[in-house]
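One structure is given here, and the rest of the page talks about it.
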Amino acid sequence: DSGVGAVDPKPLREFYVSTVGSNSNPGTLAMPFATLSYAVGRLVAGDKLWVRGGTYFESLNIRATSSDPARPIVIENYSNESVVIDSGFQNFRQPRRNEWVLVNEATGEWESAASTFTKNGYMFGYVTNLVGYENERLTLVPYKTLEDFRSTVETYVNNSTPYYIGPGFFVDGGKIRIRLKKNDHVRNAERFLGYSYFPTDLPNPNDSSFIFSSSDSTLSINGSNITIRGMTINQATRSVIVGSNVSGIKLDRVTVWMGYHGIAAEGTGVRNLKIINSRMFGDNPYYVYWFDMKEGRIVADDLRNSSVQLSGGIQDVEIAFCHFRGTGQDHVASVGTAFNRLTIHNNLFDSPGDDHLELEGSVGTTHIFENHFRNGFLVVAPGQDSPSFAGPIYFYRNVVSLLRNPPVSGKVGSISWNGGKRFGHEYGFKHGSSASYNSKNIHIYHNTMVMLGSAGQGFNLTPRDPTGTFVGNNLLVMVNGVVMGTYRTGSGQTFDGNLYWRVNPISGQPLVSGHSTIASLNQATGLESGGLGSVSGSGTNPLFSGFEFNFVNSSQLSTSLLSYLELDRLPQFKWIDPAFDRPSRSDFIVSLGAPGCGRAISLAPSLPDTRNPGDIGAFPCGANPSDLGGFPFDQ
């Protein structure tokens, strides 16, 4: 039970807080408190704090606690009023206040008029109020060196040569230095997105509004049985911290803007964390490449972050009905002694800078179902650096649409960070083959997956140790390249009932693992006795009822973001028109009478499911989009 729509118990007492109140007031509706920090210090089990609309400029640390899960402390916005908690500097919020002073007109460098800004380990900044921009706020690159920030070199040369990758800032002597100058990467990103971040190539920062924060956290929760509802939490190093040895934490209808992490549950002994009906937002600007965050000179290392970070042996986590958008690296990541009983369902995961889910450490029982994963580098990386990986992981009824060619590298002379492996995506699932990987006990079934390309890896659905695993009834579509590159085999394994289609067949290239048809694969390996993929090199068209592939040719891309990819090296590669790389989940319903209808194989009794299992793919054939239900962020 995700608690979506659940009614809180009748509060023991009710208090109110307002930005125009006073902490000497009794905390009533007519005479509210003034600050959240003071108000939450008055709360005990069963109390409710109503928060009036406005921006509360404070770092809130909740130490109040309830020992009774049936009587939580509830902190909620009053009557749907807009509430923002902001730990940042109050400067730069309004344009045209002359808070920036020009330093170098030629390079577009400005500095803050005030010199009172301290970088407390990290500082993060957004440009706000970008009307019409898909991510609402634009992340500024937090440059680590003044040499990179001021460089006139705008393309990667080598690891020792400073270079400028786009709009960002540097903290120096108490001043924030800012540079919004556009370079070719920025202009190409604007053409690709059909949106202009700034009206000129050398913007005046006094014309824009910004949010800067150097706080360790905006909201820190160190008490148990706490519900936070209906608020926006602005960025800090870790915007929300869930402290050690707490339980019964519910974040409901919150919007969290990222610094280094959005929500960090990194303390030991955390139990029963729910993140529901919420938005985890960052921005991965399309001119900041994966390479800039993880390889080479690593100019944007501070953007290598996660929307939700789990560690410390956390137990019983539910993430449901949320929208994840952008981020420097991963949407949900676990590290070290990670988690057990993780449930992720009915979310939209959109456009991370790397993985949607990176699950490593002591991975225990995990359910991932009815999500839409859109335009990540890969969907799940399980078992990385995980000698104690246990599982099981159940991945079912999800839609995967990896159709956007991601910004991997701006390195001249290379189509990607390692010379060609990633020219769209690496693979669907990262199971790995080295000694540091131990993926096993992973079951992938009844999913619909569509991917631009993987340079020979395919969806890579079998874990490193496939013993006893079930992979079946998946609808697998690859635009370019093989659909599955490798089939690992093990005792007690089921790999059957999948439908394969390659949209861009190239004469002589295999459909899967050296085979041009699924029948040929079956004859050679015994796998896929019920699989579909009959046309040599192409497989079987699943007959989507609402989705068509829209391609552009390389000449149309010559002035776009993809120009660095040296398209002459990929003459047969089909590129998705950027206007069509963000389909909706319901677009992938298949027509009645399609090849996969009624062709699903039986699931093992131990495998959970949510729908009629008779058809291949995530949805019953001919389903009505309105029947999908529970997916508020897809449209």
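How much solvent-accessible surface does F89 expose, in Å² to the nearest 10, with a 1.4 Å probe and all protein chains in place? Approximately 50 Å² of F89 is accessible to the 1.4 Å probe.
Its Kirkwood hydrodynamic radius, worked out from the mean inverse distance over all distinct Cα pairs, puts the range 99-206 at 14.5 Å. By the equivalent-ellipsoid construction on the alpha carbon gyration tensor, the range 1-149 comes out with semi-axes of 39, 18, 16 Å, ordered largest to smallest. Charged side chains reduced to their Cβ positions (Lys and Arg at +1, Asp and Glu at -1) give the range 51-143 a dipole of some 240 debye around its Cα centre. Projecting each Cα onto the charge dipole of the chain (Lys/Arg +1, Asp/Glu -1 at the beta carbon, about the Cα centre), which of P352, P203, T517 comes out farthest on the positive side? Towards the positive end, the residue furthest out is P352. Gain on full extension, evaluated as 0.36 nm per residue between N340 and S160 minus their Cα-Cα distance, stands at 60.5 nm.
Just to be sure I understand the curve: with the Debye formula and one point per C-alpha of the chain, what is log10 I(q)/I(0) at q = 0.06 Å⁻¹? Log-scaled intensity ratios, in q order: -0.33. Rounded if a/c is under 1.5, else prolate if a/b beats b/c, else oblate: with a ≥ b ≥ c from the C-alpha gyration tensor eigenvalues square-rooted, which is the range 122-174? Since a/c reaches 1.5 but b/c is at least a/b, the shape of the range 122-174 is classed as oblate. I need the shape label for the range 578-619. Rule: rounded when a/c is under 1.5, else prolate if a/b > b/c, else oblate, with a, b, c from the alpha carbon gyration tensor. Oblate is the answer for the range 578-619, as a/c is 1.5 or above yet b/c matches or exceeds a/b.
Only one residue of M123, P387, V40 has its Cα farthest out toward the positive end of the dipole of the chain, where Lys and Arg carry +1 and Asp and Glu -1 on Cβ, and that residue is V40. Its Cα centre serving as origin, the chain has a Cβ charge dipole (Lys and Arg +1, Asp and Glu -1) of approximately 400 debye. The P(r) of the range 1-84 has a tail past 18 Å containing 41 percent of all C-alpha pairs. Using a cut-off of 19 Å between Cα atoms, the listed pairs K10/K250; K274/K440; K119/K294 include K274/K440; K119/K294 as exceeding that distance. Scanning the chain for cysteines with no neighbouring cysteine C-beta under 4.7 angstrom from their C-beta gives C322. Can you tell me how the range 64-127 classifies by the Cα gyration tensor, rounded, prolate or oblate, using a/c under 1.5 as the rounded cut? It is prolate, given that a/c is not under 1.5 and a/b is the larger ratio. Rolling a 1.4 Å probe across the protein heavy atoms gives the chain an accessible surface of 34 Å² per residue.
Of the solvent-accessible surface of the chain, computed with a 1.4 Å probe over protein heavy atoms with every protein chain present, carbon and sulfur atoms account for 47 percent.
The values are calculated or read from the model by the stated rules, or taken from the named source; none is laboratory data. Computed from a prediction, not measured in an experiment: that's the story for all the values here. For neighbour counting, all protein chains shown are included, and Cβ atoms are generated from backbone atoms with ideal geometry for every residue, glycine included. Side chains included, ligands, DNA and RNA excluded: accessible areas come from the protein's heavy atoms. Shrake-Rupley method; radii C 1.70, N 1.55, O 1.52, S 1.80 Å.
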